[in-house]
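Engineer: Please read through the structure below; I'll follow up with questions.
The values are calculated or read from the model by the stated rules, or taken from the named source; none is laboratory data. Treat the numbers as computed from the prediction; the structure is a model and nothing was measured. Positions of Cβ are backbone-derived with ideal geometry, glycine not excepted, and every protein chain shown enters the neighbour counts.
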Amino acid sequence: MAYWRRWLKVSGSCIATIVTGIVAHAQSIEALTVKYPSEHAVFWERKRNVTIQENKGVIQAVTKESDVMAILNDRANGQYNRYTVYHGSYNELKSLEAYTNFNEGGKFRKMKVSEVKTQSSVSSGIFYDDVKESSFDFPSLTKGSFAVVNVEEFNKDAHLISPFYFSSYIPVENAVYTFTHPTNMEVKYIIKNDPDGVIKVNKDEGRRNTTLTFTASGLKYKDRYGAAPAAAYYEPHVIILIQNYTDDNGTKQPFLSSVDDLYRWNYSFIKNLDNNKEASLKKLSDSLTVNAKTDEEKARNIYTWVQAHIKYVAFEDGDGGFIPRRAADVCDKRYGDCKDMTSILTALMQLAGLKAYFTWIGTNDIPYDYTEVPSPITDNHMIAAVQLNGQWVFLDATDPHCIFGYPTDAIQNKQALIAINENKYELVRVSTMPATASKVIDSTFIHITPEGIKGNMVVHYNGYFGNELYDALMYKDSVGTADYVKYKLGKASNKFKVSTYEIIKANPLLREAIIKGNYEVPDYVKRAGNEIFINLNLEKFFNGPGIDTAKRMMALENDFHYTIEQYHILHLPQGYTASYIPKNFKAENDLLRFEITYEQKNNQVICHQTIQVKYILLQPNRFTDWNNIVKQLVAQYKEQVVLTKN
């Protein structure tokens, strides 16, 4: 039931005219069953038609979209019945038709859906959302039937036309996207994720209108894998940008031909904000910075205050999805969305004499740069940028635990569009934090017992690791905290147990934390005669067969670069000596560095493992490089220390 809903949101919701000739295609069911033997249903056809129109200088659109799902066997019933159409203040739903054409004794009969329920959409992280969802269930999805939906929308602002995705969660036999615009308009299209040229393009130029038609066929479902980026990174789709149009006076009017055009549109939502004249805000800003000796201290004090005192609550409400609220109102209410938190951040910082600005940015769910796609689809977030010591520092107060000076991990390496004033902006690439900026340092002391091993641990977290820990513990009760500690400390085997633990928030400002604990792991060591065998690599990272390069065709996503250091310190049992200690080993490429060293000091054997991961998005053409170095690491994990009884 969730499948239809998820993919509709990706592809931009619906409208359309009905496919003709379903009866004529009835014989195709058997052919489709042969072509897709493991599928219960396929999209026989997915169509979208966008017609651009001008209304008193406002560029708008009518979008018609239709989906026709062919049911290949009865198991589709119960799995693919639910369908949800999303619409809102910018995309008004004008008409909706849905029915099942099912085969009854060799003749097709049309059965309309019995009920369409429309309600406010409840999206993850959204407190108030003006987006509506109209949901229904297709009846009688039996073998040989067709589920049909036709929807028409009115798009109030053509800046917000969404991409068209050709593939979906089940195979798509035929996909057609047409885009019709007046001849006084110039448009540009961008085809993404189509290395084999599956998408075909045709241009039909008439006297008054020009139509672009994009078609693709035989699009198979792509298997989903863990740690994969958003669909926009790998699903074939088309983005269309209206570059400009010629008005009635013969003047060419820019629309979305460049970052300049996008910035002009974006800035219209913030140009009327006047946040710097509120006496209450000035008083607050002064109180937060009175003891600060540097601009960096001023910015840090304001940022941490907003994080602690303004609760992030997301809104989507017509223009409210684009326009920040007044900083004074946000301060009074003590909550706001990303734009509102940016509003109060920039206001307080500007009142403190800092160069702080509204900034648009896309999170890592969006693979585009502004320079490639100067469109509102390139961003989904707003943050503040402040210039300190000649460098830009990006501040996102929606994360209450993000460290000052660190971008939130989701905006690393993204282009930021910084609003300096109405006529000036800066386009800056957010830096990716180095692996040394986020570390785990783990010291585990090991004693061999008749049952296995036991001991104590001290684990330090900083950087994004510390940020994650503070976030995770924010709302956990004692049971949840205990489970989380076991998850964080667990190693050696699934028999790992934590008896007691202590969490120390060593430096809340820098999100540094320590977890101390006592543990035991039954049945970990092996004994043979006078010898004990123990593997001191208690935690084996990337221990497996590697990435399946024959099957996985989508990138592997990692949140941030990081370093993990582990000291596994074995106390030699009385009467035993270390008769074999593995050799030291290290390997490195631009993706991964690891080193394992062994050292004997008095009655201890110390295994020191260092892992450093240095990628955010591992593309398929680097999978072999990754597998090759991980293979070396896995080989080292098999090494054991041998203790011999004196």
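Engineer: What number of residues within the range 532-579 are among the polar types (S, T, N, Q) and either at positive phi or in a strand (DSSP E or B) (or both)?
Structural biologist: Of the residues in the range 532-579, the ones among the polar types (S, T, N, Q) are 535, 537, 543, 549, 558, 563, 566, 574, 577, 579.
This time we only want the ones that are either at positive phi or in a strand (DSSP E or B) (or both), so: 563, 566, 577, 579.
Summing the residues that are among the polar types (S, T, N, Q) and either at positive phi or in a strand (DSSP E or B) (or both) in the range 532-579 gives 4.
Okay, residues lined up against (1) buried (at least 21 other Cβ atoms within 10 Å of the Cβ); (2) within 28 Å of the chain's Cα centre (by Cα); (3) more than 27 Å from Leu241 (Cα to Cα):
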residue	(1), (2), (3)
Ile52	yes, no, no
Val58	no, no, no
Asp74	no, no, yes
Val85	yes, yes, no
Glu92	no, yes, no
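Engineer: Taking Asp559 and the conditions (1) without any contact (Cβ under 8 Å) to a residue 40 or more places away in the chain; (2) surrounded by 12 or more Cβ atoms within 10 Å (Cβ to Cβ); (3) within 30 Å of Phe404 (Cβ to Cβ), which numbered condition does it fall short on, given that it satisfies the others?
Structural biologist: Here Asp559 meets the rest and fails (1).
Engineer: Based on this model, can you work out whether Phe164 counts as among the aromatic types (Phe, Trp, Tyr), in the same structural domain as Ile199 (by TED's automatic domain parsing) and under 13 Å from Thr63 (Cα atoms)?
Structural biologist: It is true that Phe164 is among the aromatic types (Phe, Trp, Tyr), in the same structural domain as Ile199 (by TED's automatic domain parsing) and under 13 Å from Thr63 (Cα atoms).
Engineer: Across the range 191-218, what is the number of residues that are assigned to a strand (DSSP E or B), within 20 Å of Asn49 (Cβ to Cβ) and not hydrophobic (A, V, I, L, M, F, W, C)? Steps first, answer last, please.
Structural biologist: As a first pass, look at the range 191-218 and keep what is assigned to a strand (DSSP E or B): 191-192, 200-205, 209-218.
This time we only want the ones that are within 20 Å of Asn49 (Cβ to Cβ), so: 191, 200-205, 209-217.
Going one step further and asking which of them are not hydrophobic (A, V, I, L, M, F, W, C), we end up with 200, 202-205, 209-211, 213, 215, 217.
Of the residues in that region, 11 qualify.
Engineer: Taking Glu153, is it in a strand (DSSP E or B) and under 23 Å from Thr180 (Cα atoms)? Give the derivation first.
Structural biologist: Numbers: in a strand (DSSP E or B): yes; under 23 Å from Thr180 (Cα atoms): yes.
Yes: the conditions hold for Glu153.
Engineer: Do we have any residue at all in the range 194-211 that's more than 25 Å from Phe102 (Cβ to Cβ), in contact (Cβ under 8 Å) with a residue 40 or more places away in the chain, touching a helix residue (DSSP H, G or I) at 6+ places or on another chain (Cβ under 9 Å) and not aromatic (Phe, Trp, Tyr)?
Structural biologist: No, the conditions are met nowhere in the range 194-211.
Engineer: Could you check the range 169-193 and list, in sequence order, the residues that are more than 15 Å from Ala231 (Cβ to Cβ) and in contact with a helix residue (DSSP H, G or I) (Cβ under 6 Å, 6 or more places away or on another chain)? Before you say what the answer is, go through the steps one by one.
Structural biologist: Within the range 169-193, the first condition is being more than 15 Å from Ala231 (Cβ to Cβ), and the residues that meet it are 171, 173-174, 176-191.
Of everything in the range 169-193, nothing turns out to be more than 15 Å from Ala231 (Cβ to Cβ) and in contact with a helix residue (DSSP H, G or I) (Cβ under 6 Å, 6 or more places away or on another chain).
Engineer: Among the residues of the range 594-611, is any free of Cβ contacts under 8 Å to residues at least 60 places away in the same chain, part of a strand (DSSP E or B) and within 19 Å of Gly544 (Cβ to Cβ)?
Structural biologist: Step one: of the range 594-611, the residues free of Cβ contacts under 8 Å to residues at least 60 places away in the same chain are 594-597, 599-604, 606, 608, 610.
Then keep just the ones that are part of a strand (DSSP E or B); that gives 594-597, 599-601, 604, 606, 608, 610.
Still in the list and also within 19 Å of Gly544 (Cβ to Cβ): 594, 596.
Within the range 594-611, one or more residues are free of Cβ contacts under 8 Å to residues at least 60 places away in the same chain, part of a strand (DSSP E or B) and within 19 Å of Gly544 (Cβ to Cβ).
Engineer: Going through the range 284-323 one residue at a time, which ones are part of a loop (DSSP other than H, G, I, E, B) and either over 23 Å from Ser120 (Cα atoms) or at pLDDT 95 or above (or both)? Write out each step before concluding.
Structural biologist: So in the range 284-323, the residues part of a loop (DSSP other than H, G, I, E, B) come out as 290-294, 310, 313, 317, 322-323.
Within the range 284-323, Val290, Asn291, Ala292, Lys293, Thr294, Ile310 meet the criteria.
Engineer: When you scan the range 21-104 for strands (runs of 3 or more DSSP E) that lie fully inside it, which ones turn up with 1 or more residues that are more than 20 Å from Phe179 (Cβ to Cβ), modelled with pLDDT under 95 and touching a Lys or Arg at 6+ places or on another chain (Cβ under 7 Å)?
Structural biologist: Strands (runs of 3 or more DSSP E) meeting the threshold: 82-87, 91-104.
Engineer: So in the range 506-531, with the set limited to residues that are touching a residue at least 60 places away in the same chain (Cβ under 8 Å) and in a loop (DSSP other than H, G, I, E, B), which one is farthest from Ala299 (Cα to Cα)?
Structural biologist: Across the range 506-531, the extreme among qualifying residues is Asn530.
Engineer: Check off (1) at pLDDT 95 or above; (2) over 20 Å from Asn621 (Cα atoms) for Leu556 and give me the number that stays unchecked.
Structural biologist: Tallying (1) at pLDDT 95 or above; (2) over 20 Å from Asn621 (Cα atoms), Leu556 fails exactly one: (2).
Engineer: I would also like to ask the following. Restricting attention to the range 346-360, does a residue exist that is in contact with a Leu (Cβ under 7 Å, 6 or more places away or on another chain), polar (S, T, N, Q), farther than 19 Å from Leu288 by Cα and touching a residue at least 12 places away in the same chain (Cβ under 8 Å)?
Structural biologist: yes
Results for (1) more than 24 Å from the chain's Cα centre (by Cα); (2) buried (at least 17 other Cβ atoms within 10 Å of the Cβ); (3) assigned to a strand (DSSP E or B), shown as yes or no for each residue.
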{"position": "Glu426", "(1), (2), (3)": "yes, no, yes"}
{"position": "Thr432", "(1), (2), (3)": "no, yes, no"}
{"position": "Asp442", "(1), (2), (3)": "yes, yes, yes"}
{"position": "His447", "(1), (2), (3)": "yes, no, yes"}
{"position": "Pro450", "(1), (2), (3)": "yes, no, no"}
{"position": "Lys454", "(1), (2), (3)": "yes, yes, yes"}
{"position": "Val459", "(1), (2), (3)": "yes, yes, yes"}
{"position": "Gly466", "(1), (2), (3)": "no, yes, no"}
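Engineer: Based on what the data block shows, is Ile418 under 19 Å from the mean Cα position of the chain (by Cα), assigned to a strand (DSSP E or B) and either modelled with pLDDT of 95 or more or within 23 Å of Phe465 (Cα to Cα) (or both)?
Structural biologist: Details: under 19 Å from the mean Cα position of the chain (by Cα): no; assigned to a strand (DSSP E or B): yes; either modelled with pLDDT of 95 or more or within 23 Å of Phe465 (Cα to Cα) (or both): yes.
When the stated conditions are applied, Ile418 does not pass them.
Engineer: Related question: Give the residues of the range 226-240 that are among the aliphatic types (A, V, I, L, M) and assigned to a helix (DSSP H, G or I), sorted by residue number.
Structural biologist: Ala231, Ala232
Engineer: Still on this model: Look through Ile403, Ile383 and report the one residue that is touching a Leu at 6+ places or on another chain (Cβ under 7 Å), at pLDDT 95 or above and part of a loop (DSSP other than H, G, I, E, B).
Structural biologist: Exactly one of Ile403, Ile383 is touching a Leu at 6+ places or on another chain (Cβ under 7 Å), at pLDDT 95 or above and part of a loop (DSSP other than H, G, I, E, B), namely Ile403.
Engineer: Only residues in the range 38-50 that are under 8 Å from Ser66 (Cβ atoms) count as the first member; pair them with residues that are surrounded by 21 or more Cβ atoms within 10 Å (Cβ to Cβ) and among the polar types (S, T, N, Q), Cβ under 6 angstrom, at least 6 apart or cross-chain, and list the lot.
Structural biologist: Lys47/Ser66
Engineer: Is it true that Lys491 is within 30 Å of Arg593 (Cβ to Cβ), at pLDDT 95 or above and either surrounded by 19 or more Cβ atoms within 10 Å (Cβ to Cβ) or in contact with a Leu (Cβ under 9 Å, 6 or more places away or on another chain) (or both)?
Structural biologist: Yes: the conditions hold for Lys491.
Yes or no, residue by residue, for (1) of a type in the set (S, T, N, Q); (2) exposed (fewer than 13 other Cβ atoms within 10 Å of the Cβ):
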position	(1), (2)
Asn543	yes, yes
Lys551	no, yes
Pro573	no, no
Glu595	no, no
Tyr598	no, no
Gln612	yes, no
Phe623	no, no
Asn627	yes, no
Tyr637	no, no
